[in-house]
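Below is one structure, written out as structure tokens; the observations come after it.
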Amino acid sequence: MVVSRPYLPRTPAVKPSRGTPWLFLSPFLVLFTLFYIAPVMYAGYLSLFIKKRAGFGAAKEVFGGMANYVRAFQDTEFLSSLLNILKFGVVQIPIMMLVATALALVLDAAKNRLQGVFRTAFYLPYTIPSVIAGLLWGYLYSKNLSPFNQIVTALGGGRVDFLGSDIVLWSIANIVTWTWTGYNMITLYAALQNIPTDLYEAARIDGASPWQLTRDIKLPLLKPSLLLVLIFSIIGTMQVFAEPFVLRPLGYVPDNITPNTYLYLVASRDGNFSYAATLAILLAIFTFLMSAVFLRFTRRGGEL
């Protein structure tokens with residue numbers, strides 16, 4: 001017996017509206033506009049004003065055009081801070097990348113039982129907030145309380161002022177390296193885990209030693225991740241602030257030790273928000289140019 005099915009008219013397919021993607025993107029776009037685009041635009045607007053005193057009254061903000069930008073390029077304190085952060089990056093970034101790469105390779109070669117222990121130990125400094133890390137190292141750098149100085153004194157040497165004007169920049173670099181090496185190591189370790197094991201097996205069949213595996217397979221395939229770490233490190237270096245700010249009460253840390261420290265003091269201590277906004281914009285442009293130069297250099301075949 002054949003039972004005929006009732007006729008059901010076909011429902012036409014509903015075409016998605018062109019506005020549907022924007023509807024789903026709207027929460028992100030609204031927050032991005034309010035907390036990123038709007039502050040940047042306001043900083044650009046604020047940078048066009050200068051403080052000007054008329055007679056004996058209080059200084060007032062008046063439109064100054066590009067006066068703040070001209071002042072910034074003539075500000076020896078700001079230019080010195082840029083030079084300081086350049087020296088900082090030239091020394092600190094290669095050391096941090098070298099140590100992070102070495103730790104990632106050690107972690108990749110470790111036995112399964114030890115990987116978790118090493119991974120936690122190497123990554124642990126990154127979990128400590130920058131302010132707390134600055135306070136911890138501030139104690140270690142203290143001229144009178146430092147255990148490093150106690151060891152040096154016990155060996156017959158003199159005390160070292162880690163927060164003195166000559167080496168305070170490198171003391172800060174040590175804190176940044178200690179904090180961020182584990183984070184970069186995890187990034188490189190994850191890249192090593194994504195290398196196909198077939199490559200290792202084929203190389204071992206051909207008689208490759210562990211060093212040859214590292215030199216000819218691991219390091220070449222790590223280059224994209226190393227480039228990513230380099231760009232992020234450049235951006236992070238230009239934003240160094242917490243460590244020198246925490247160390248200021250403990251020793252001699254110049255106002256212009258880093259650009260962020262200097263522009264913060266211009267805004268908070270001097271109350272010149274317009275000029276501080278100008279310095280922030282110039283610092284952002286400088287950071288972008290530095291990252292773009294390194295990215296373009298490596299894309300053209302330059303070696304890391």
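Looking only at Pro196, Pro147, Pro129, which one moves most when the chain is put into a Gaussian network model with springs between Cα atoms under 10 Å?
Looking only at Pro196, Pro147, Pro129, the biggest GNM fluctuation is shown by Pro196.
Between Glu61 and residues 5 or more places away or on another chain, which pairs have amide H atoms under 5 Å apart, with H built 1.01 Å from N, and which residues are they?
Result for Glu61 returns Lys52.
What distance in nm separates the two pseudo spin-label positions at Val160 and Ile205, each 7 Å out from Cα along the beta-carbon direction?
5.2
Just the number please: accessible area per residue for region 73-303, 1.4 Å probe, all protein chains included, in Å².
On the way: 12560 Å² over 231 residues.
Normalised by residue count, the accessible surface of region 73-303 is 54 Å².
Quickly work out the Val40-to-Lys52 label distance, labels modelled 7 Å from Cα along the C-beta direction, and quote it in nm with one decimal.
Result: 3.0 nm between the two label points.
Under the rule of -39500 (n - 2.57) per DSSP H run of 4 or more residues, summed and divided by the residues of the chain, what mean residue ellipticity at 222 nm is obtained, to the nearest 500 deg cm²/dmol?
Values: 14 runs with 198 residues, N = 304.
Using -39500 (n - 2.57) per qualifying helix, the result is -21000 deg cm²/dmol.
Among [x] 44, 37, 27; [y] 44, 38, 19; [z] 38, 31, 17, which is the computed semi-axes √(5λ) of the Cα gyration tensor in Å?
[y]
How large is the Kirkwood hydrodynamic radius of region 117-270, in angstrom, based on all distinct alpha carbon pairs? Mind showing how you got there, number by number?
On the way: mean 1/r = 0.0543 Å⁻¹.
Every distinct Cα pair counted, the radius reaches 18.4 Å.
So which aspartates and glutamates pass the test for Lys143, namely a Cα distance under 16 Å, with those fewer than 8 places away in the same chain ruled out?
Candidates past the 8-residue exclusion: Asp161, Asp166.
What stretch of the chain, leaving out the sites themselves, is the longest with no trypsin sites (Lys or Arg not before Pro) in a DSSP loop having at most 16 other Cβ atoms within 10 Å? Don't skip to the end; give the middle numbers.
Numbers: sites that count: Arg10, Arg18, Arg53, Lys111, Lys143, Arg159, Arg269, Arg300.
Counting only loop sites that pass the neighbour cut-off, the longest clear stretch is 160-268.
Using r as the Cβ-Cβ distance of Thr76 and Tyr139, and R0 as 22 Å, what FRET efficiency do you calculate, to the nearest 0.05? Don't skip to the end; give the middle numbers.
Values: r = 33 Å, r/R0 = 1.52.
Once the sixth-power term is evaluated, E becomes 0.10.
How long is the gain from Val90 to Gln239 if the chain were fully straight, where each residue apart is worth 0.36 nm and the alpha carbon distance is subtracted?
Details: separation 149, 0.36 × 149 = 53.64 nm, distance 1.49 nm.
Contour length minus the Cα-Cα distance gives 52.1 nm.
Considering only protein heavy atoms and a probe of 1.4 Å, how much of the accessible area of region 73-303 is carbon and sulfur, as a whole percent?
Exposed carbon and sulfur together represent 66 percent of the surface.
Suppose each label sits 7 Å from its Cα in the direction of the beta carbon; what would the Leu227-Val293 distance come out to in nanometres?
The two pseudo-label positions are separated by 1.9 nm.
Pairs of alpha-carbon atoms within less than 8 angstrom and 6+ residues apart define the contacts here; what relative contact order does the chain have, in percent? Please report the intermediate quantities before stating the final value.
Values: 277 pairs, mean separation 75.1, N = 304.
RCO, the chain: 25 percent.
The values are calculated or read from the model by the stated rules, or taken from the named source; none is laboratory data. No experiment lies behind these values; they were computed from the predicted model shown. Virtual Cβ from ideal backbone geometry, glycine too; neighbours counted across all protein chains shown. Please note that ligands, DNA and RNA were not included when accessible areas were found on the heavy atoms of the full protein model with its side chains. Shrake-Rupley method; radii C 1.70, N 1.55, O 1.52, S 1.80 Å.
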